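Heads up: the structure comes next, in structure tokens.
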Amino acid sequence: MQFFRGLTIRKKQSSSSASAERWKKEQNYYLQNGSAVLEELLALCDGNCRIPIRYFTATEIENAIKHSENKMEHYSEVGIVTGSLDNRLVLVRFNRSCQLNIYRDIAITAQMSHLKNVLRLVGCCLEFEEPVMVYEYVEAITLSDLLYKKGDHKTRESLSWGKRLRIANEVASAIVFLHTGFTTPIIHRDIKPHKVIIDQNSGVAKIVDFSLSISLPPGELELLTGNKSLDSMQSNIEEANAMDRVDSTTYPNPPIMVEHYIKQRDAIDISDPALLEQHGIEIRLQLEDYLDLVKRCISSKGEDRPYMIHVARELRRIENCFCALTIGQN
């Protein structure tokens, strides 16, 4: 494969300028990480894949970020810094958790980088203990910061109902591809606001991090929200419906937590007050439809949960209803 032949050529070229000890360490990391990435690619694509990404040496990565001060840390296990490669800005991501399968993340992201709602992977480096991923540069803010950042009422106010629906639609379209665009369906399992970034120039939502994704054997596709029904979390859960937080120390099962939170409650009661301040009661029907979709997605029975393609279709319908309402008011 051309990508891996390129790795070997670059390795030989850079070894002459590195110390013997460093070269040996990088070589070991390279062989270990390279074989793991290749294994994930072969399993993912069933012999039919392309690798449209570049390889960067450890020296190139170090030079790229040595003057960087701009850091976007979107969750605890991952640090993203701004760097410069070939005279263009990039985002360089370092993994700090052994619980994340960075090899799978590289393999999946490389195959989905043509989608506008996935942060495009430019390349990677395998010469560190944990592989480093290099993404296209975007002026970004996480969805989590937009929703939950304390003391920033103006930022939260800017996330109107129309924008929230668009974000939900864009994330859903990427997840639909994840479920249908590969030889076997792939389930993300960990869609949360801090794994979605918003391009502040275009407003486009982009998913970052597929490290907890798994492939489903034939005949077992049933979950359609991006999270397993029985997954348990150890910290506060930020649900993708962006309505509120629920304390997982009391309800350790996310679907049960959300079900308990929304049971016997009106959509207006649990909606973000900022939405009602902006749009008033006019969006009540859309909020109720959205809440009904959430309830179906967290059903404890797999056969009662909708396929992701149906979720995406319903989100588009709700967004179209909002657009029609907006046009009518104008």
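The values are calculated or read from the model by the stated rules, or taken from the named source; none is laboratory data. Small disclaimer: the values here were computed from a predicted structure and weren't measured. Here the Cβ positions follow ideal geometry from the backbone for every residue, glycine too, while neighbour counts run over all protein chains shown. Ligands, DNA and RNA are stripped out before the accessible areas are found, and what is left, the full protein with its side chains, is counted by its heavy atoms. Shrake-Rupley method; radii C 1.70, N 1.55, O 1.52, S 1.80 Å.
Restricting attention to the stretch 94-109, the residues that are open to solvent by less than 10 Å² (accessible area, probe 1.4 Å) and free of Cβ contacts under 8 Å to residues at least 60 places away in the same chain total 0. Every listed requirement among (1) at pLDDT 90 or above; (2) in contact with a Ser or Thr (Cβ under 7 Å, 6 or more places away or on another chain) is met by Pro131 save one, (2). Glu127 fulfils the conditions (1) crowded, with 23+ Cβ neighbours inside 10 Å; (2) more than 18 Å from the chain's Cα centre (by Cα); (3) not in a loop (DSSP other than H, G, I, E, B) except for a single criterion, (3). Of all the residues in the stretch 188-202, those that are at pLDDT 90 or above and surrounded by fewer than 20 Cβ atoms within 10 Å (Cβ to Cβ) number 4.
The single condition among (1) touching a residue at least 60 places away in the same chain (Cβ under 8 Å); (2) in a strand (DSSP E or B) that Ile198 does not satisfy is (1). Ser173 meets the conditions (1) open to solvent by less than 40 Å² (accessible area, probe 1.4 Å); (2) farther than 14 Å from Val208 by Cβ in every case but one. The failed one is (1). Residues that are outside any loop (DSSP other than H, G, I, E, B) and within 15 Å of the chain's Cα centre (by Cα) within the stretch 135-153 comprise Tyr135, Glu136, Ala140, Ile141, Thr142, Leu143, Ser144, Asp145, listed in sequence order. The stretch 1-120 holds strands (runs of 3 or more DSSP E) entirely within its bounds, and those carrying 2 or more residues that are at pLDDT 70 or above map to 78-85, 88-95.
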